[in-house]
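Structure first, then comments.
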Amino acid sequence: MKILVIDDHALVREGLRQVLKGLDENVDVLQAGTCEQAFALAQSHLDLDLALLDYHLPDMTGLQALDIFAERHPELPIVMLSGSANYQIMQQVLKSGAAGFINKSSLSDELLRAVRQVLDGNVYWPEDRQQGPLTVPNENPNPKSTLTQRQELVLQGLLDGQSNREIGKSLSLSEETIKTHVTSILRHFEVQNRTQAVVAAARKGYKPRETS
């Protein structure tokens, strides 16, 4: 497993490296203090599994860097880090296609839970205590979907953060059948992975089911 940590503070990078050891003692954590360093590392390590990207960096903003990563490495999941859990910032990050958002003040257990969720192909977003679950404004409030009813049920599972096995169990379908439906969903939204499909679906008005 190989993870890229991008933050301009060496102590923060080292702290994250130590926390990420909780995923796997042999995890390879690459470190970059600027976006340019990060882009160079990503280009020379095409087998990266994940990148943790600070929102505030010296050479450009995290959102600008996110756009460049999306263009150069569209399959690489990016999780944004920020010292502020500002709701507007989280909305911007979500709309920009990040796979998750983590507050730097989060406990180690929450950070590891978020990273595991993203590595499993899901999206991680903290629930804002005042604003409630994050949502993306609809680009089209009444989208005409060409997904089949079964594909929409599978998509709902993706939005809820379920694995293929969990979706298959809930729909009484095999995992292979779910994979086939997921492939069709990716093609429908013209994306390359589950994370991008969830973001694209959110932009079209699809939402995770509310949990009590």
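The values are calculated or read from the model by the stated rules, or taken from the named source; none is laboratory data. Bear in mind the structure is a predicted one, so any value in this text is a computation, not a measurement. Every residue, glycine as well, gets a Cβ built from its backbone with ideal geometry; the counts of neighbours run over all protein chains shown.
Somewhere in the range 69-76, is a residue touching a residue at least 60 places away in the same chain (Cβ under 8 Å) and crowded, with 16+ Cβ neighbours inside 10 Å?
no
Of the helices (runs of 4 or more DSSP H) contained entirely in the range 124-212, not one carries at least 2 residues that are closer than 22 Å to GLN91 by Cβ, modelled with pLDDT under 85 and in contact with a strand residue (DSSP E or B) (Cβ under 9 Å, 6 or more places away or on another chain).
Report whether or not LEU111 is assigned by TED's automatic domain parsing to the domain that holds LEU20, closer than 17 Å to PHE189 by Cα and either modelled with pLDDT of 75 or more or part of a loop (DSSP other than H, G, I, E, B) (or both). So LEU111 fails the test. Contact annotation: residue pairs with Cβ atoms under 6 Å, 6 or more positions apart or on different chains, pairing a residue in the range 18-34 that is in the same structural domain as ASP47 (by TED's automatic domain parsing) with a partner that is hydroxyl-bearing (Ser, Thr, Tyr), are VAL19/SER108. Scanning the range 1-22 for residues that are in a helix (DSSP H, G or I) and among the basic types (Lys, Arg) yields ARG13, ARG17. Out of LEU20, LEU48, LEU111, report the one residue that is farther than 23 Å from VAL198 by Cα and among the aliphatic types (A, V, I, L, M). The match here is LEU20. Just one of (1) within 22 Å of THR195 (Cα to Cα); (2) surrounded by 14 or more Cβ atoms within 10 Å (Cβ to Cβ); (3) without any contact (Cβ under 8 Å) to a residue 24 or more places away in the chain fails for GLN88. It is (2). Of the residues making up the range 45-74, those that are part of a strand (DSSP E or B) and farther than 19 Å from LYS2 by Cβ are HIS56, THR61.
ILE68 falls short of the stated requirement of being within 21 Å of LEU20 (Cα to Cα) and touching a helix residue (DSSP H, G or I) at 6+ places or on another chain (Cβ under 9 Å). Screening the range 35-55 for residues that are in contact (Cβ under 8 Å) with a residue 40 or more places away in the chain and not aliphatic (A, V, I, L, M) and picking the one that is surrounded by the fewest Cβ atoms within 10 Å (Cβ to Cβ) gives ASP47. Could you say whether any residue in the range 95-108 is farther than 28 Å from ARG165 by Cα, in contact with a Phe, Trp or Tyr (Cβ under 8 Å, 6 or more places away or on another chain), modelled with pLDDT of 80 or more and buried (at least 17 other Cβ atoms within 10 Å of the Cβ)? There is no residue in the range 95-108 that is farther than 28 Å from ARG165 by Cα, in contact with a Phe, Trp or Tyr (Cβ under 8 Å, 6 or more places away or on another chain), modelled with pLDDT of 80 or more and buried (at least 17 other Cβ atoms within 10 Å of the Cβ).
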